[in-house]
Amino acid sequence: MPLLRRLPLLLAHAAASPASPQAPGSTTEPKFVPTPIFIAPRLFDVISLVLLFLGLVASASFFIYHIRFSPRERSLAKEIVWSAVASVLLGFALSFLLLSSGVYY
């Protein structure tokens with residue numbers, strides 16, 4: 001019998017027999033344990049603005065570095081460092097902006 005024909009039977013069998021036997025009427029639901037917040041939620045918007053400003057400064061300095069120096073004078077390591085710093089700062093700024101607006105909170 002092909003697997004696609006047996007799939008409804010396999011799913012019904014898996015739903016009928018639980019993986020671990022339990023006593024009738026007992027449910028073991030995981031308890032909700034909140035994660036501690038180390039930064040006050042009222043500071044999320046300030047942190048997002050500061051990180052956004054620093055990320056824009058880092059990306060602007062990356063573009064100025066590209067304009068100011070010729071391709072022979074540029075260093076790949078400096079370009080990678082500037083772009084990594086800018087992307088990390090802008091990524092955290094976006095995360096804190098979403099937290100302050102209530103999307104991830």
Rounded to the nearest 0.05, what FRET efficiency do LEU94 and ILE64 give with R0 = 22 Å and r taken as the Cβ-Cβ distance? Could you check?
0.45
With a cut-off of at most 16 other beta carbons within 10 Å, and DSSP calling the residue loop, which chymotrypsin sites (Phe, Trp or Tyr not before Pro) in region 45-99 qualify? Please list them.
PHE69
Mind listing the Cα extents of region 41-96 along all three principal axes, in Å, largest one first?
47, 16, 10
Tally Lys/Arg at +1 and Asp/Glu at -1 over every other residue whose Cβ is under 15 Å from the Cβ of LEU99; what's the total?
0
Report the FRET efficiency, 1/(1 + (r/R0)^6), for SER87 and ALA40, where r is their Cβ-Cβ distance and R0 is 30 Å, rounded to 0.05.
0.70
Do any trypsin sites (Lys or Arg not before Pro) in region 44-105 lie in a DSSP loop with no more than 14 other beta carbon atoms within 10 Å, and if so, which?
ARG72, ARG74
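Bear in mind these aren't lab numbers, they're just calculated from the coordinates by the rules spelled out. Bear in mind the structure is a predicted one, so any value in this text is a computation, not a measurement. Every residue, glycine as well, gets a Cβ built from its backbone with ideal geometry; the counts of neighbours run over all protein chains shown.
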